[in-house]
Amino acid sequence: MEGMLAEHRVIVDLVEELRTSSGLAAAVAGSAIQRLFALHLDKENRLLMPFIVQSPDMSLAESVRGLHELTGEGAGHHGGTHDDGAHHR
């Protein structure tokens, strides 16, 4: 978990770098974001989601709460799954 949280921070930092860069620097930052995000998503799918699904006390909706803020998506991006109070496993 700590490693995945560190990856989130690196992704956020790279996105901020991309927002303020142009040309070659923007291309490099964009490529780094793409590769790191693909690796991170693979870890979530292979390691984290199966753990959450097999843990009866964990809610998938609660586990992903706040991701739209991290990715810059609006609150409606996930069809309300964050705010409906239902536990998705």
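Evaluate the range 51-58: report whether one residue or more is surrounded by fewer than 11 Cβ atoms within 10 Å (Cβ to Cβ) and modelled with pLDDT of 90 or more.
Step one: filter the range 51-58 for residues surrounded by fewer than 11 Cβ atoms within 10 Å (Cβ to Cβ), giving 54, 56-57.
From what's left, modelled with pLDDT of 90 or more: none.
No: the range 51-58 contains no residue that is surrounded by fewer than 11 Cβ atoms within 10 Å (Cβ to Cβ) and modelled with pLDDT of 90 or more.
Select from the range 20-50 the residues that are surrounded by 11 or more Cβ atoms within 10 Å (Cβ to Cβ) and hydroxyl-bearing (Ser, Thr, Tyr) and write down the one among them that is farthest from residue 10 (Cα to Cα).
Per the criteria, the residue is 21.
Just to be sure, is residue 89 touching a His at 6+ places or on another chain (Cβ under 7 Å), in a loop (DSSP other than H, G, I, E, B) and either modelled with pLDDT under 90 or exposed (fewer than 12 other Cβ atoms within 10 Å of the Cβ) (or both)?
no
Might you let me know whether the range 3-15 holds any residue that is over 14 Å from the mean Cα position of the chain (by Cα) and of a type outside the set (Asp, Glu)?
no
Looking at the range 1-35 only, could you name the residues that are under 26 Å from residue 51 (Cβ atoms) and either of a type in the set (S, T, N, Q) or not in a helix (DSSP H, G or I) (or both)?
Hits for the range 1-35 are 1, 34.
Looking at the range 59-75, which of the residues that are surrounded by fewer than 13 Cβ atoms within 10 Å (Cβ to Cβ) and outside any helix (DSSP H, G or I) is modelled with the highest pLDDT?
Once the filter is applied, the top-ranked residue is 66.
The values are calculated or read from the model by the stated rules, or taken from the named source; none is laboratory data. Quantities reported herein were computed from a predicted structural model and do not represent experimental measurements. Reconstructed Cβ throughout: ideal geometry from the backbone, glycine too, with neighbour counts over all protein chains shown.
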